[in-house]
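The values are calculated or read from the model by the stated rules, or taken from the named source; none is laboratory data. Note that the structure is predicted; figures quoted are calculated from it, not measured. Every residue, glycine as well, gets a Cβ built from its backbone with ideal geometry; the counts of neighbours run over all protein chains shown. Remember, those area values only see protein heavy atoms, side chains included, never the ligands or the DNA or RNA. Shrake-Rupley method; radii C 1.70, N 1.55, O 1.52, S 1.80 Å.
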Amino acid sequence: MNYTLSEELIAIRDLTRDFAAKKIAPHARKWDAEKWLPTELIKEMGQVGILGVAIPEEYGGAGQGLLGMTVVVEEIARWCGGTALMMAAHSGLCATHLRIAGNDAQKQKWLPKLVSAEAIGAWCLSEPECGTDAEAMTTRAEKTSNGWKLNGRKFWITNGKRADVFIVTARTKPERGARTISAFIVEKGTPGLIIGEPEDKMGMRASDTVPVNFENCEIPAENLCGELHNGYVDALRVLDRGRVTIGSLSVGLARGCLEEAVRYSSERKSFGVSLHQHQAIAFKLADMETQVEAARLLVRQAACTHDAGRPDKQLCSMAKLFASEMASRVGWDAIQIFGGAGYTKDVCVERLTRDNKLCEIGEGSSEVQRMLIARAEVKRAAGEAA
Ligand SMILES: Cc1cc2nc3c(=O)[nH]c(=O)nc-3n(C[C@H](O)[C@H](O)[C@H](O)COP(=O)(O)OP(=O)(O)OC[C@H]3O[C@@H](n4cnc5c(N)ncnc54)[C@H](O)[C@@H]3O)c2cc1C
């Protein structure tokens with residue numbers, strides 16, 4: 001597998017790196033404190049082409065696949081996890097669901113708008129009573145004479161406060177089972193779509209996370225997204241890609257911690273020498289660098305196999321599991337290298353580390369990834385033995 005980036009993707013990476021350094025880095029601390037990302041920033045990300053990196057060119061995107069998505073998200077996360085999470089939900093979940101399951105009319109209507117950020121997207125799977133066990137959802141969609149009526153509660157919805165379009169999974173058959181759930185497109189302003197107040201979170205604070213309720217929310221028949229009863233299966237395909245994106249988000253956060261720690265360990269002196277001249281600190285930096293690189297390779301391997309048409313669920317889970325847990329270790333090490341300064345909000349390593357905790361929880365927690373990885377391995381071994 002060749003992980004070399006194309007010239008086009010290197011240009012997009014450099015553009016994003018420059019954008020992030022100029023437009024995100026100086027403000028990320030303020031957005032964390034204010035618990036809000038300016039909508040103008042998202043519009044600008046759309047205008048320069050960042051949000052559409054993975055969307056096919058026929059819809060206005062750059063057509064750079066999942067690899068492109070991971071490269072761009074890493075650059076954004078280097079400075080602000082919340083901005084990267086906004087993109088992961090908007091492009092990685094909402095737009096991806098439309099792209100892989102939507103019909104031509106739905107894709108023509110929404111994908112160009114999501115690429116340009118004329119519309120902001122959200123993706124609603126989790127509920128108050130079930131996140132990990134999403135298949136147990138109770139939000140239901142009932143057929144009406146001319147469409148569908150949604151009732152239920154979704155929880156933890158990224159971008160929910162500002163979204164123009166929501167992809168919503170709801171039960172269309174009463175019994176439990178993967179093929180009993182469908183996905184629907186719900187537009188902002190639809191009567192019965194009720195947006196709650198943002199959660200006061202530990203990290204990813206620049207990204208808004210809200211409950212979204214549906215009370216007799218009526219939508220037209222053409223808003224069914226994908227085949228009837230197949231919405232959960234499609235959601236799992238979206239999540240496979242999403243997990244790789246979250247892996248790249250963690251790589252970006254860890255890289256931020258590493259770069260800051262390297263800089264500080266050169267500037268700060270103790271016992272007459274720079275911190276990194278103490279072997280204990282140098283070894284920590286070496287381990288951090290090695291872990292970031294290993295996680296990036298796993299993320300890119302998972303992305304490239306996807307783009308090559310050989311999606312590997314186990315690899316997606318391994319990339320997310322390893323990268324997210326790696327970034328927490330690297331974050332704590334960076335805080336340690338900063339000493340007392342690392343324990344304050346004056347340096348960004350504490351924020352990046354707080355942001356990363358979500359990556360061990362969202363889109364399938366570390367426990368879930370371990371279950372999936374082990375299950376795939378046992379199945380593979382049984383197949384080989386047979
Ligand atoms: C900031 C943020 C943004 C989010 N954005 C979105 C979004 O945009 N859209 C969306 O749909 N959802 C979103 N989520 C929801 C997220 O995906 C869920 O929080 C996650 O899936 C975990 O679900 P839960 O919180 O209900 O935890 P639970 O399912 O209650 O799990 C609690 C704990 O138990 C463990 N556990 C559960 N079952 C098992 C098991 N069988 N074996 C071992 N351990 C188990 C879990 O790993 C976890 O540690 C977001 C969450 C957060 C915090």
Of the residues that sit in segment 230-251 and are under 17 Å from Val72 (Cβ atoms) and in contact with a Gly (Cβ under 8 Å, 6 or more places away or on another chain), which one is surrounded by the most Cβ atoms within 10 Å (Cβ to Cβ)?
Leu249
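Residues are listed down the side, and each one gets a yes or a no for (1) away from the ligand (no atom under 16 Å from the Cβ); (2) outside any helix (DSSP H, G or I); (3) open to solvent by 30 Å² or more (accessible area, probe 1.4 Å):
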site	(1), (2), (3)
Ala88	no, no, no
Gly92	no, no, no
Arg99	yes, no, yes
Ala105	yes, no, yes
Trp110	yes, no, no
Val115	yes, no, no
Trp123	no, yes, no
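Is it the case, given these coordinates, that Met137 is free of Cβ contacts under 8 Å to residues at least 60 places away in the same chain, more than 21 Å from the chain's Cα centre (by Cα) and open to solvent by less than 10 Å² (accessible area, probe 1.4 Å)? Can you show your working first?
Numbers: free of Cβ contacts under 8 Å to residues at least 60 places away in the same chain: yes; more than 21 Å from the chain's Cα centre (by Cα): yes; open to solvent by less than 10 Å² (accessible area, probe 1.4 Å): yes.
In short, yes.
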Check whether at least one residue in segment 172-188 is in the same structural domain as Ile219 (by TED's automatic domain parsing), touching a helix residue (DSSP H, G or I) at 6+ places or on another chain (Cβ under 8 Å), within 14 Å of the ligand (Cβ to nearest atom) and in a loop (DSSP other than H, G, I, E, B), and report yes or no.
no
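Just to verify a result, which residue in segment 347-386, among those that are in a loop (DSSP other than H, G, I, E, B) and at pLDDT 95 or above, is nearest to Ser207 (Cα to Cα)? Write out each step before concluding.
Step one: list which residues in segment 347-386 are in a loop (DSSP other than H, G, I, E, B), which gives 347-348, 361-365, 386.
Right, trim to at pLDDT 95 or above and you get 347-348, 361-365.
Details: Val347: 20, Cys348: 16, Ile361: 15, Gly362: 13, Glu363: 15, Gly364: 19, Ser365: 19 Å.
It comes out as Gly362.
Just to be sure before I move on: is Trp36 outside any helix (DSSP H, G or I), buried (at least 17 other Cβ atoms within 10 Å of the Cβ), within 16 Å of the ligand (Cβ to nearest atom) and not assigned by TED's automatic domain parsing to the domain that holds Lys188 in the structure I sent?
Numbers: outside any helix (DSSP H, G or I): yes; buried (at least 17 other Cβ atoms within 10 Å of the Cβ): yes; within 16 Å of the ligand (Cβ to nearest atom): yes; not assigned by TED's automatic domain parsing to the domain that holds Lys188: yes.
Yes.
Report the residue count in segment 302-311 for those that are in a helix (DSSP H, G or I) and either among the charged types (D, E, K, R) or open to solvent by 40 Å² or more (accessible area, probe 1.4 Å) (or both). Steps first, please.
Let us first name the residues in segment 302-311 that are in a helix (DSSP H, G or I), namely 302-307.
In the following step, the residues that additionally are either among the charged types (D, E, K, R) or open to solvent by 40 Å² or more (accessible area, probe 1.4 Å) (or both) were identified as 307.
The total comes to 1.
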If I filter segment 144-171 down to residues being aliphatic (A, V, I, L, M) and closer than 20 Å to Leu93 by Cα, which single residue comes out as nearest to the ligand (Cβ to nearest atom)?
Ile157
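Kindly indicate whether any position in segment 123-137 is in contact with a Leu (Cβ under 9 Å, 6 or more places away or on another chain) and more than 26 Å from Ala221 (Cα to Cα).
The initial filter retains those residues of segment 123-137 that are in contact with a Leu (Cβ under 9 Å, 6 or more places away or on another chain), namely 123, 125, 131, 134, 137.
Subsequent filtering for residues that are more than 26 Å from Ala221 (Cα to Cα) retains 131.
Scanning segment 123-137 turns up at least one residue that is in contact with a Leu (Cβ under 9 Å, 6 or more places away or on another chain) and more than 26 Å from Ala221 (Cα to Cα).
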Looking at Val262, Val299 in this structure, which one is assigned to a helix (DSSP H, G or I) and surrounded by fewer than 19 Cβ atoms within 10 Å (Cβ to Cβ)?
Val262
Being out of contact with any Pro (no Cβ under 9 Å at 6 or more places or on another chain), within 16 Å of the ligand (Cβ to nearest atom), over 16 Å from Thr70 (Cα atoms) and not hydrophobic (A, V, I, L, M, F, W, C) narrows it down to one residue among Arg329, Arg310, Arg354, Arg380; which is it?
Arg354
Give the residues of segment 197-225 that are open to solvent by less than 20 Å² (accessible area, probe 1.4 Å) and without any contact (Cβ under 8 Å) to a residue 60 or more places away in the chain, sorted by residue number.
Thr209, Val210
Residues of segment 189-208 being within 13 Å of the ligand (Cβ to nearest atom) and of a type in the set (Ser, Thr, Tyr), in sequence order, are Ser207
Would you mind telling me which numbered condition in (1) surrounded by fewer than 16 Cβ atoms within 10 Å (Cβ to Cβ); (2) in contact (Cβ under 8 Å) with a residue 40 or more places away in the chain Ala327 fails?
(1)
